[in-house]
Amino acid sequence: MDLEHGNCWDTDKKGSWKTVLVLAYQSLGVVYGDLSISPLYVYRSTFAEDIQHSETNEEIYGVLSFVFWTLTIVPLFKYVFVVLRADDNGEGGTFALYSLICRHAKVSLLPNRQVADEALSTYLLEHPPEKKKQSKVKLLLEKHSALHTALLILVLVGTCMVIGDGLLTPAISVFSAVSGLELSMTKAHHQYAVVPITCFILVCLFALQHYGTHRVGFFFAPVVLIWLLCISTLGIYNIIQWNPHVYQALSPYYMFKFLEKTRKSGWMSLGGILLCITGSEAMFADLGHFSYTAIQIAFTFLVYPALILAYMGQAAYLSQHHTTTNNIGFYDSVPESVRWPVLIIAILASVVGSQAIISGTFSIINQSQSLGCFPKVKVVHTSDKIHGQIYIPEINWALMILCVAVTIGFRDIKHLGNASGLAVMTVMLVTTCLTSLVIVLCWNKTPLLALSFLIFFGSVELLYFSASLTKFREGAWLPILLALFLMTIMFVWHYATIKKYEYDLHNKVSLEWLLALGPSLGIARVPGIGLVFTDLTSGIPANFSRFVTNLPAFHRILVFVCIKSVPVPFVPPAERYLVGRVGPAAHRSYRCIVRYGYRDNHQDVDSFESELVKKLADFISYDWYRKQRGNSSSEDDASCSNESTSERRLAVIGTVAFAGASAYEETMQPASGSVGFQTVDSITDVIEMEPLGEKKRVRFAIDDDFEGDSQAETEALLQEELEDLVAAQQSGTAFILGHSHVRAKQGSSLLKRLAINYGYNFLRRNCRGADVALKVPPVSLLEVGMVYVV
């Protein structure tokens, strides 16, 4: 499969039906693996305990009617026709909805937000307000900070349940597929064979994750396609062979008749019926790999009909066979002559479906840590071509251990189905709530329309959710327990991260303090580049002042680096770096803000140091040429040493060609590169104002020839600064990072002291450090101890 990011969104290909059909075919293996294997366990889980299959067939017809309308309302109407349109620059999922809402309303809890972030091409609002009057819903959300926290908690609940689904789906899928062996062996042998075989397949599945799904991706789509054709063919055979009139059960009349007869037990059995829509969320979560049209075509014209035929075929068989009331399963309706081939295809399809949800779990954890909601873990990008293919070793092995433990502990489909059902419905409820906010805030529709969407789809999902909660003691406790555990970790990490940022913000040092450092105070400037990492986008961090206090020296080239996440899926490489000066040019101090989206690869350059030096050289060249041209206001030229301007003027340094002086190109050859600015739009000088102020953008047109008496002097100063930069790089680079210990302040509650003093510090000590994530050589690392009292 070719899921390379950008290919499926090429404007030249987007209208090609051939491309759309190819993408629709590819989506089968990635998107629909989980949804397509649901016929393996829906009927068996539904008839496990609460209801019985009687001679009147009212139960089986009622269940078939529920399955048909559930598949029609939730995946088809809700996801295909509504939710898939709520994409974030082509990306889908819980965090895509959250980032959309955060961009259209000021509800984000992410620290170090800047006005300049709103100028990103992926940040621009696709649906600008049609009228000046703001929505009352938006005003209400922005006014109350408690609603900001509630919205984040809602997103985290959905995230935790997706992770829980990643634990439960492989177990129930593989277990259901392997359970077909029970028809070929005695009950005694079956009891001791299915669980070990299931565990063996699961261990193999997780052990192969480090290779990446792209290596076997070409195998996924054919397997799911063959499986869909297999179950639809079996469905047609069973309908013709056993009950050609089973289509009548699709009428909603049989749903009401079913509930009228079974009453409370029928309502409780809905916890098994809802399993028919497991995997529907994958249509939205994997939207970034495909187009909306491709996913819509694949589901509407292949997946949906195949699933309906499969369920109808099973119902037709069961309507004429009442001797298997205690053992209703998918393989009962499979003719004995083809049972073994179907078993093999089912096992392969269950592995494909499990692979999709495991990959989705890796992706959502990566997004969570990008937005500061999960401890830092190792993320391995398994493919240079296919975007989004990642592998997280710690999460993979944890999922494997838990998945095997759940399989051994539950040992039956009923308990696994109850646990999986609750996780699935929780995710869908979260998606419904967030989509209703998108309708109002992003699409600028009336609150009445959003409320209608919420009530219609939310009531259906609440019905199933309530039925799942009744199964708390029969397996539904597992996703709730897992969600509470993960929520605690994520919320403690996010809370402490915000408090650390607030501490840094309140204890930052003024620019005058930095400019005053010199030989008169016993401070020396040593050769080399010093990269001071901080979360602040302005001001001098407290860890640097602590560093200078204990070691009265700092490097000739000083760069304050802030690596931050913005609420967009991707930041184009040409817009990633914001570079500016800290103080006058002679001080050789700079600020560099590196911006990433929540789905960006943070290791997209071979050497962060070389890339950063290259961007600094581009900025230096641009800055001196800008001053030479004199196109900026006299106030800006006169305030080069003024904190209010120098501290906040940041230039977007991109990857564009430069037609500048030959001296610049010669000087920068050792530092890998000469780039610059051909057009007016190549560079933007962003003046960062106070948070309540406005952003002013000034553009400069740069010519090849320079006029004026100061040309030679300017080129000499440019040459000198570039030579200093190259010389400093050759002398070596030091990475100055804070080594923090967070402590709750005196008088804090017992819960806060436990969360901060023990919980957060334990997570910090055992998670991936910033030096490892940045691939900092140990000989170049300088750690500054900091105690945060929050």
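The values are calculated or read from the model by the stated rules, or taken from the named source; none is laboratory data. If you're wondering where the values come from, they're calculated on a predicted model, not measured in any experiment. As a convention, Cβ positions derive from the backbone with ideal geometry for all residues, glycine included, and neighbour counts pool all protein chains shown. Calculation scope for accessible area: heavy atoms of the full protein, side chains included, ligands and nucleic acids excluded. Shrake-Rupley method; radii C 1.70, N 1.55, O 1.52, S 1.80 Å.
The table that follows gives values for the structure above.
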| read-out | value |
| --- | --- |
| Ranked by how many other beta carbons lie within 10 Å on average, peptides 333-342, 62-71, 408-417 from highest | 62-71, 408-417, 333-342 |
| Protection-proxy order for peptides 479-491, 265-277, 160-172, each taking the mean of Cβ atoms within 10 Å per residue, highest first | 160-172, 265-277, 479-491 |
| Alpha carbon centroid spacing (whole Å) that separates region 504-574 from region 25-87 | 56 |
| Contour excess over end-to-end distance, with Cα ends at Asn761 and Ala405 and 0.36 nm allotted per residue | 125.3 nm |
| Charge dipole magnitude, Cβ of K and R +1, D and E -1 - region 369-484, Cα centre, debye nearest 20 | 40 |
| Estimated FRET transfer efficiency (Leu754, Glu512; beta-carbon r; R0 41 Å; 0.05) | 0.50 |
| Rounded if a/c under 1.5, otherwise prolate or oblate - region 445-536, Cα gyration tensor axes | prolate |
| Two-site FRET efficiency, Ser265 against Ala553, from Cβ-Cβ distance with R₀ of 51 Å, rounded to 0.05 | 0.05 |
| For region 430-501, accessible area per residue (1.4 Å probe, heavy atoms of protein chains only), Å² | 44 |
| Dipole moment magnitude, nearest 20 debye, region 360-434 about Cα centre, only Lys, Arg, Asp, Glu C-beta charged | 20 |
| Inter-part distance where region 214-289 and region 445-491 are each reduced to a Cα centre, Å | 21 |
| Label zone at Leu229, where the point sits 7 Å out along the Cα-to-Cβ direction: region 341-381 residues whose backbone N lies under 19 Å | 341-350, 352-353 |
| Hydrodynamic radius by Kirkwood, which averages 1/r over all alpha carbon pairs of region 495-540, in angstrom | 12.7 |
| Computed lengthening from Arg768 to Ser121, 0.36 nm per intervening residue step minus Cα-Cα distance | 229.8 nm |
| When each of Lys18/Lys614; Lys500/Lys775; Lys143/Lys499; Lys376/Lys752; Lys78/Lys143 is checked by Cα-Cα distance, pairs over 32 Å | Lys18/Lys614 |
| Burial order of peptide ranges 533-539, 100-106, 51-57 (average beta-carbon count within 10 Å, highest first) | 100-106, 533-539, 51-57 |
| Leading residue at positive end of dipole, region 537-613 (Cβ point charges), from Val559, Asn601, Asn543 | Asn543 |
| Net charge over other residues, Cβ less than 10 angstrom from the Cβ of Gly93 (K, R count +1; D, E count -1) | -4 |
